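The values are calculated or read from the model by the stated rules, or taken from the named source; none is laboratory data. Being a predicted model, the structure only gives us computed values, none of them experimental. Methodologically, a virtual Cβ is constructed for each residue, glycine included, from the backbone with ideal geometry; neighbour enumeration extends over all protein chains shown. For accessibility, only protein heavy atoms count, side chains too; no ligands or nucleic acids. Shrake-Rupley method; radii C 1.70, N 1.55, O 1.52, S 1.80 Å.
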Amino acid sequence: MSILTIDSGTTNTRSSIWKNGVPWCQATRQVGVRDTAVTGNKTVLQNGVRDTIAAVLHRAGLGISDVSLVLASGMITSNVGLFELAHLPAPAGVNELAAGMQQALLPQVCEKPIWFVPGVRNQVENIGLHNCEAMDMMRGEEAETMGLVERMQIAEPTVIALPGSHSKFVHLDAQQRIVSCVTTLSGELLHVITHNTILADSLRSDFADRIDAEMLLAGARSASSIGLGRACFTVRTLGQFTIYDRNARANFLLGAVLGADLLTLKNSSALRMSPETRFIVTGKPTLRHALSLLVSNDDFFSGTVSTVSDDEQDNLAGYGAIRLARARGLLDATRA
């Protein structure tokens, strides 16, 4: 049985062919909903998704008629995506997400109908200044989360960190339902600060290439005590008046930015995590290592801290979408 999954986000789209529950081949394009937001129409996104589908089918030596099921998750279900789906209110687990999937035929993208996975939002009503910080939402991370729950056999309250351009922290209850999430712009901030501020000279417009624990922790402490803006400028001071090398300075900045995320985890009304909650970190190796080190060295967090391997997080969105399709009864659990 061949399954086609589409994971389309803000800037990138990936289509994958799966056989017997294993990703067989994939194709990626730098196209996402940002293109719709910039151009004001969906043509670029439609063409990009269609191209990834054509490319992965060509690599697999298949035609679309050979595909039994097409699944999609991510920002593709947003108002600037290709098929808008309302967020499901938390709590939402496998059963709720599976029930919320909807099918649509988009002939300009794919000749077969596509099943779309809905996003999830925090349960906050009558939003105003008094409670807007408690609201948050996700599109795509819900599929990744459900995939990770199965792969890692998560069976206790857990916070899953999904660092990226928009870093997402997803709170699961004991029934493995998403009960809340919180988002920060840490990835975008790190990119902008590194490349587009006066610190570009001190950092040579590059990120940390290996973890320096002392500098990482120092950056986090600095952001916590004097604020992110001042901590960032300290990077320039370190470059002008000390012997710390470029990688050390980049670690200080990384610690400052991620340290601000730790403040969010401790204080945000959107997440409300308990200190003893298990903490699992995904993402690129440097970010995984950095965030797990910061959490492990912060007295607030007393639960188990673990990182996800490259294999465990490979194609999580597609894996999670297939898990939801199985729960919906869209495929034979013994063959997918």
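Starting from 0.36 nm per residue, how many nanometres of slack lie between Thr304 and Glu150 once their C-alpha separation is accounted for?
The Thr304-Glu150 span can extend by a further 53.6 nm.
Tally the DSSP beta bridges in the chain and give the antiparallel ones as a percent, rounded to 5.
On the way: 31 of 48 bridges.
In the chain, approximately 65 percent of DSSP beta bridges are antiparallel ones.
Once the Cα atoms of helix 186-196 and of the chain are each reduced to a long axis, what angle between those two axes, in degrees from 0 to 90 to the nearest 10, is obtained?
That works out to roughly 60 degrees.
Remind me, relative contact order of the chain in percent, using alpha carbon pairs under 8 angstrom and six or more residues apart?
16
Going by average Cβ density within 10 Å per residue, which order do the peptides 273-281, 166-174, 222-230, 134-142 take, highest to lowest?
Output ranking for 273-281, 166-174, 222-230, 134-142: 134-142, 166-174, 273-281, 222-230.
Taking H as built 1.01 Å from N, whose amide H comes closer than 5 Å to the amide H of Trp24, not counting residues under 5 places away?
Placed amide hydrogens put Ile17, Trp18, Lys19 under 5 Å from Trp24.
How much length, in nm to one decimal, is gained on full extension between Asn297 and Lys284, taken as 0.36 nm per residue of separation minus their Cα-Cα distance?
Here the segment from Asn297 to Lys284 would lengthen by 2.7 nm.
Using the basic label-point model (7 angstrom from Cα toward the beta carbon), what is the Phe83 to Asp311 distance in nanometres?
Those two pseudo-labels are separated by 3.4 nm.
Could you let me know the centre-to-centre spacing of the stretch 1-51 and the stretch 154-230, using Cα atoms, in angstrom?
What the calculation gives is 26 Å, centre to centre.
Just to confirm my numbers, what's the Cα centroid distance between the stretch 282-336 and the stretch 83-119 in Å?
Computed from Cα coordinates, the inter-centre distance equals 21 Å.
Can you pull the one-decimal nm distance between simple spin-label points at Trp24 and Ala213, each 7 Å off the Cα toward Cβ?
So the label points at Trp24 and Ala213 sit 4.6 nm apart.
Expressed as an acute angle from 0 to 90° and rounded to the nearest 10, what is the orientation of the C-alpha long axis of helix 246-267 relative to the principal long axis of the chain?
Around 70 degrees separate the two axes.
Starting at the first residue of the stretch 53-60, write each ³J(HN,Hα) from the Karplus equation 6.51 cos²θ - 1.76 cosθ + 1.60 with θ = phi - 60°, in whole Hz, x for Gly and Pro.
Values, residue by residue: 5, 4, 5, 6, 5, 5, 5, 7 Hz.
Assuming 0.36 nm per residue, please report the length gained on full extension of the stretch Gln123 to His58 beyond their Cα-Cα distance.
Numbers: separation 65, 0.36 × 65 = 23.40 nm, distance 4.29 nm.
My answer for the length gained is 19.1 nm.
Could you do me a favour and compute the accessible area per residue for the stretch 1-106, 1.4 Å probe, result in Å²?
Result: 43 Å² of accessible area for each residue.
In deg cm²/dmol and to the nearest 500, what is the mean residue ellipticity at 222 nm of the chain if only DSSP H runs of at least 4 residues count, each as -39500 (n - 2.57), divided by the residue total?
Per the formula, -12500 deg cm²/dmol.
Work out the FRET efficiency for Thr197 and Ser165 from their Cβ-Cβ distance, taking R0 = 25 Å, and round it to the nearest 0.05.
0.90
For the chain, with only Lys/Arg (+1) and Asp/Glu (-1) charged at the beta-carbon, what is the dipole magnitude about the Cα centre, in debye rounded to 20?
Rounded to the nearest 20 debye, it is 440 debye.
Tell me, what % of the accessible area of the chain is carbon and sulfur with a 1.4 angstrom probe? Walk me through the numbers before you get to the answer.
Working: 7240 of 14790 Å².
Here it works out to 49 percent.
Where does helix 316-328 land angle-wise versus the long Cα axis of the chain, in degrees 0 to 90, nearest 10?
Result, in degrees: 40.
How much accessible area per residue does the stretch 146-299 have, in Å², with a 1.4 Å probe? Don't jump to the answer; show the numbers that get you there.
Numbers: 6650 Å² over 154 residues.
That works out to 43 Å² per residue.
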